[in-house]
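Beneath this line is the structure, given in structure tokens, with notes to follow.
Computed from the coordinates by the stated procedures, all read-outs in this text should not be read as laboratory data. Not measured: the values here are computed from a predicted model. Using ideal geometry, Cβ is built from the backbone for each residue, glycine included, and neighbour counts are taken over all protein chains shown.
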């Protein structure tokens with residue numbers, strides 16, 4: 001449900017083309033414009049977010065970790081610091 005109204009000015013030739021297109025598709029000019037805005041600006045934003053999520057959770061995502069021994073050494077150091085401070 002639409003809740004905001006917007007006034008848009010078109011050249012006469014553009015308006016006539018929209019009017020013809022709306023008639024062909026059996027839609028209102030307003031519906032054509034809403035669809036165009038959604039496809040151009042709103043869905044592209046959603047698409048970009050979905051692409052980012054897909055990259056983030058992709059099993060092919062390249063992630064590099066230090067060798068286990070180096071990680072283990074760092075964890076032990078942090079635990080020892082915690083023990084020493086308490």
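Within region 26-70, how many residues turn out to be within 30 Å of residue 12 (Cβ to Cβ) and not in a helix (DSSP H, G or I)?
Count: 3.
Please find, among 29, 76, the residue that is over 30 Å from the mean Cα position of the chain (by Cα), on the phi < 0 side of the Ramachandran plot and without any contact (Cβ under 8 Å) to a residue 24 or more places away in the chain.
Answer to the selection: 76.
As an exercise: evaluate residue 8 against (1) exposed (fewer than 10 other Cβ atoms within 10 Å of the Cβ); (2) without any contact (Cβ under 8 Å) to a residue 12 or more places away in the chain and give the number of the one condition it does not meet.
Of (1) exposed (fewer than 10 other Cβ atoms within 10 Å of the Cβ); (2) without any contact (Cβ under 8 Å) to a residue 12 or more places away in the chain, only one is false for residue 8: (2).
Consider residue 30 carefully, then state whether it is over 29 Å from residue 1 (Cβ atoms), out of contact with any strand residue (DSSP E or B) (no Cβ under 9 Å at 6 or more places or on another chain) and surrounded by 10 or more Cβ atoms within 10 Å (Cβ to Cβ). Give the derivation first.
Working: over 29 Å from residue 1 (Cβ atoms): no; out of contact with any strand residue (DSSP E or B) (no Cβ under 9 Å at 6 or more places or on another chain): yes; surrounded by 10 or more Cβ atoms within 10 Å (Cβ to Cβ): yes.
Criteria not met by residue 30.
Residue by residue, here is whether (1) under 23 Å from the mean Cα position of the chain (by Cα); (2) loosely packed, with under 10 Cβ neighbours inside 10 Å holds:
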site: 15; (1), (2): no, no
site: 20; (1), (2): no, no
site: 23; (1), (2): no, no
site: 43; (1), (2): yes, no
site: 56; (1), (2): yes, yes
site: 59; (1), (2): yes, yes
site: 62; (1), (2): yes, yes
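Go through (1) surrounded by fewer than 10 Cβ atoms within 10 Å (Cβ to Cβ); (2) out of contact with any helix residue (DSSP H, G or I) (no Cβ under 9 Å at 6 or more places or on another chain) and name the single condition residue 50 misses.
Result: residue 50 passes all but (1).
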